[in-house]
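Trainee: Please see the structure below; I have some questions.
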Amino acid sequence: MGVVILLVMAAGVAAMLTRKLPTAFALVILAVVIAFVAGAPLTGENSVIDTVLQEGAPALAATMIAIVLGSWLGKLLEETGVAATLVRKIVEFGGDRPVVVALGVLAVSALVGTVTGSAPAAMLAGLIGIPAMIAVGIPKVTAAGTILMGIAVGIPFELPLWQFFSTALELPVPTVRGFMVKLFPFALVAAVLYVFVESRRRGVEHTWSLKSVRDKPRSPSRRQRLGDAPWYALLTPAVPLILALGFELAIIPSLLAGVLYALVTTTRPREMNKRLLRTLYGGFEVAAPPIALFIAIGILLAAVKLPGAVDALEPLVKAVSPQNAVLFVGVFTLLVPLCLYRGPLNVFGLGAGIAGVLISAGIYPAAVVLGMATSYNQVFGVADPTSTQTVWAAQYAGVSPQQVMVRTLPYVWAVALGGLCVTAATYL
């Protein structure tokens, strides 16, 4: 039975890789098939309908709420011009010094990455940041990669991500927060090295790559007409982080505080109601794809945790899972590419199911799985040519996602190695 379940998982990966099915749909179908193969009844206890679908769908509800709030805050940063102002100030400070400009955009990307992930974060920092970097001579691929590496620096402090790992792996938030803090230095060092090495190895390229921007000038936005956001509003991205990390406030209240701070510091009282509703509805549009994915992930987690699935998979997975700390680091470092192209170790795909099997079968403690999943997520978030932020940044800079992957993969692979080393040293 275990072999059959693995074959079903392999078929699911193939469907996602070949884009025969959207990831969320493929995960739900995969979960239902796994449940039937594991001998689950149609209804009742540990069943397909009542357990996998009914209980699994809302399992990550707290994460979905955090995603909505993060997206809401991201829309506020966009509409009020906070993110654009941050980038413009950095560019003005950097002048014609390419490395300084790139490091500044990297810092803004990291700050934005703590609020919201994926394509919205790339757009907030990249709409102005990428053209500015290219204008001062940063190569196109390096400019796109800088945005992504910056977002990766912010990922360890992305509050919705804390909520996701806490709920999915059944770990307390302080445990997730503690490991993310340890992962952060590796992401920061790798990002700074990327900027220094990649901006110097190919020299300065004084070209303008954004043909669409050049050929199709757009009228200035309302924010541009009004000017920069107030200096105190620029602290908005840091507010949730300070509350959650410094004061250990719960994640959802921290994000709500960020929303209120952004609103109060940028909006006149008579305009607050309209802006609140407008940005909230816009946030729902941004949050819809990840919410659909988290519903599917919850269903998949419920399926792989069924007693029949655990009993079938435990001997197979245990046989190939190293317990020695050195082997653990070596094996899972070599397997890093399997989180690319929506591969089986991508935590926002089949990797969530594998994580559930590792924990429910007692092969690794949940904290070890947390270290693996977060380390791999650093790679996926930057170098995966199928991730939305990578596609957007590459296309906006005028290069292919595969070019960005080749340039960034060595750096984020090193980040994953660092995370796995910390995991082995701390929990094994």
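Trainee: Condition first: open to solvent by 20 Å² or more (accessible area, probe 1.4 Å) and in a helix (DSSP H, G or I). Now tell me which residues in the stretch 25-50 satisfy that. So that I can check it myself, show each step before the final result.
Mentor: Just the residues of the stretch 25-50 that are open to solvent by 20 Å² or more (accessible area, probe 1.4 Å), to begin with: 25, 28-29, 32-33, 36-37, 39, 41-46, 49-50.
Within the stretch 25-50, PHE25, VAL28, ILE29, VAL32, VAL33, PHE36, VAL37, ILE49, ASP50 meet the criteria.
Conditions tested, residue by residue: (1) closer than 20 Å to ILE130 by Cα; (2) of a type outside the set (Phe, Trp, Tyr); (3) open to solvent by less than 40 Å² (accessible area, probe 1.4 Å); (4) modelled with pLDDT under 95.
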residue	(1), (2), (3), (4)
VAL68	no, yes, yes, yes
GLY81	yes, yes, yes, yes
ILE90	yes, yes, no, yes
VAL99	yes, yes, yes, yes
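Each row is one residue, and each column tells you yes or no for (1) farther than 20 Å from PRO253 by Cβ; (2) aliphatic (A, V, I, L, M).
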site	(1), (2)
GLU158	no, no
LEU161	no, yes
PHE164	no, no
LEU169	yes, yes
ARG177	no, no
PHE186	yes, no
VAL195	yes, yes
GLU198	yes, no
ARG201	yes, no
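Trainee: Turning to a different aspect of this structure: If you go through the stretch 237-244 one residue at a time, do you hit one that is loosely packed, with under 13 Cβ neighbours inside 10 Å, in a helix (DSSP H, G or I) and not β-branched (Val, Ile, Thr)?
Mentor: We begin by selecting, within the stretch 237-244, every residue loosely packed, with under 13 Cβ neighbours inside 10 Å; these are none.
No, the stretch 237-244 has no match at all.
Trainee: Now, a different point. If VAL136 meets every condition in (1) aliphatic (A, V, I, L, M); (2) open to solvent by 10 Å² or more (accessible area, probe 1.4 Å); (3) closer than 21 Å to PHE348 by Cα; (4) modelled with pLDDT of 85 or more apart from one, which number is that one?
Mentor: Of (1) aliphatic (A, V, I, L, M); (2) open to solvent by 10 Å² or more (accessible area, probe 1.4 Å); (3) closer than 21 Å to PHE348 by Cα; (4) modelled with pLDDT of 85 or more, only one is false for VAL136: (3).
Trainee: Still on this model: List the residue pairs whose Cβ atoms are under 6 Å apart, where the first residue sits in the stretch 171-200 and is of a type in the set (Lys, Arg), the second is open to solvent by 10 Å² or more (accessible area, probe 1.4 Å) and assigned to a helix (DSSP H, G or I), and the two are 6 or more positions apart or on different chains.
Mentor: The qualifying pairs are LYS182/VAL422.
Trainee: Quick one: which residue in PRO217, PRO269 is at pLDDT below 65, open to solvent by 50 Å² or more (accessible area, probe 1.4 Å) and either of a type outside the set (Val, Ile, Thr) or over 30 Å from VAL422 (Cα atoms) (or both)? Step through it out loud before you land on a result.
Mentor: On the way: PRO269 fails: at pLDDT below 65.
Answer to the selection: PRO217.
Trainee: Here's a follow-up. When the residues of the stretch 362-403 are narrowed to those that are of a type in the set (Phe, Trp, Tyr) and within 27 Å of ILE130 (Cβ to Cβ), which ends up modelled with the highest pLDDT? Full working, then the answer.
Mentor: Let us first name the residues in the stretch 362-403 that are of a type in the set (Phe, Trp, Tyr), namely 364, 376, 380, 392, 396.
With the extra rule that they be within 27 Å of ILE130 (Cβ to Cβ), the set shrinks to 376, 380, 392, 396.
Details: TYR376: 95, PHE380: 90, TRP392: 89, TYR396: 91.
Taking the candidates together, the pick is TYR376.
Trainee: Now for a separate question. How do the pairs read when you match residues in the stretch 1-20 that are crowded, with 16+ Cβ neighbours inside 10 Å with residues anywhere that are hydroxyl-bearing (Ser, Thr, Tyr), using Cβ under 8 Å and keeping only pairs 6 or more apart or on different chains?
Mentor: That search, which allows pairs on different chains as well, returns MET16/THR23.
Trainee: Scanning for something over 29 Å from THR167 (Cα atoms) and not in a helix (DSSP H, G or I), does the stretch 80-93 turn up at least one residue? Walk me through how you get there before you give the answer.
Mentor: First, the residues of the stretch 80-93 that are over 29 Å from THR167 (Cα atoms): 80-93.
Restricting the remaining residues to those that are not in a helix (DSSP H, G or I) gives 80-81.
Yes, that holds for at least one residue.
Trainee: Moving on. Kindly check whether there is at least one residue in the stretch 341-354 that is modelled with pLDDT of 90 or more and among the aliphatic types (A, V, I, L, M).
Mentor: Quick first cut of the stretch 341-354, residues modelled with pLDDT of 90 or more only: none.
No, the conditions are met nowhere in the stretch 341-354.
Trainee: Report yes if some residue within the stretch 107-130 is farther than 24 Å from ALA187 by Cβ and touching a residue at least 24 places away in the same chain (Cβ under 8 Å); otherwise report no. Quick ask: steps written out before the conclusion?
Mentor: Here is the first cut: in the stretch 107-130, the residues farther than 24 Å from ALA187 by Cβ are none.
No.
Trainee: Residues of the stretch 107-133 being at pLDDT below 85 and within 10 Å of GLN389 (Cβ to Cβ), which ones?
Mentor: GLY117, SER118, ALA119, PRO120, ALA121
Trainee: Could you please let me know if THR167 is polar (S, T, N, Q), at pLDDT 90 or above and open to solvent by less than 10 Å² (accessible area, probe 1.4 Å)? Let's see the steps before the verdict.
Mentor: Values: polar (S, T, N, Q): yes; at pLDDT 90 or above: yes; open to solvent by less than 10 Å² (accessible area, probe 1.4 Å): no.
For THR167, the condition - polar (S, T, N, Q), at pLDDT 90 or above and open to solvent by less than 10 Å² (accessible area, probe 1.4 Å) - is not met.
Trainee: Keeping to the stretch 393-420, report how many residues are in a helix (DSSP H, G or I), touching a Ser or Thr at 6+ places or on another chain (Cβ under 9 Å) and open to solvent by 10 Å² or more (accessible area, probe 1.4 Å).
Mentor: Residues in the stretch 393-420 being in a helix (DSSP H, G or I), touching a Ser or Thr at 6+ places or on another chain (Cβ under 9 Å) and open to solvent by 10 Å² or more (accessible area, probe 1.4 Å): 6 in total.
Trainee: To continue, here is another question. From the list ALA143, ALA152, which residue is within 17 Å of ALA373 (Cα to Cα), assigned to a helix (DSSP H, G or I) and touching a residue at least 40 places away in the same chain (Cβ under 8 Å)?
Mentor: Step by step, each of ALA143, ALA152 is checked, and only ALA152 is within 17 Å of ALA373 (Cα to Cα), assigned to a helix (DSSP H, G or I) and touching a residue at least 40 places away in the same chain (Cβ under 8 Å).
Trainee: Where in the stretch 274-361 are there helices (runs of 4 or more DSSP H), lying wholly inside it, with at least 3 residues that are β-branched (Val, Ile, Thr) and crowded, with 21+ Cβ neighbours inside 10 Å?
Mentor: Numbers: elements: 307-319, 325-334, 350-360.
Hits in the stretch 274-361: 350-360.
Trainee: Restricting attention to the stretch 362-380, report how many residues are surrounded by fewer than 19 Cβ atoms within 10 Å (Cβ to Cβ) and in contact with a Cys (Cβ under 9 Å, 6 or more places away or on another chain).
Mentor: Residues meeting the conditions: 0.
The values are calculated or read from the model by the stated rules, or taken from the named source; none is laboratory data. No experiment lies behind these values; they were computed from the predicted model shown. Methodologically, a virtual Cβ is constructed for each residue, glycine included, from the backbone with ideal geometry; neighbour enumeration extends over all protein chains shown. Just the protein is used for accessible areas: all its heavy atoms, side chains included, with ligands, DNA and RNA removed. Shrake-Rupley method; radii C 1.70, N 1.55, O 1.52, S 1.80 Å.
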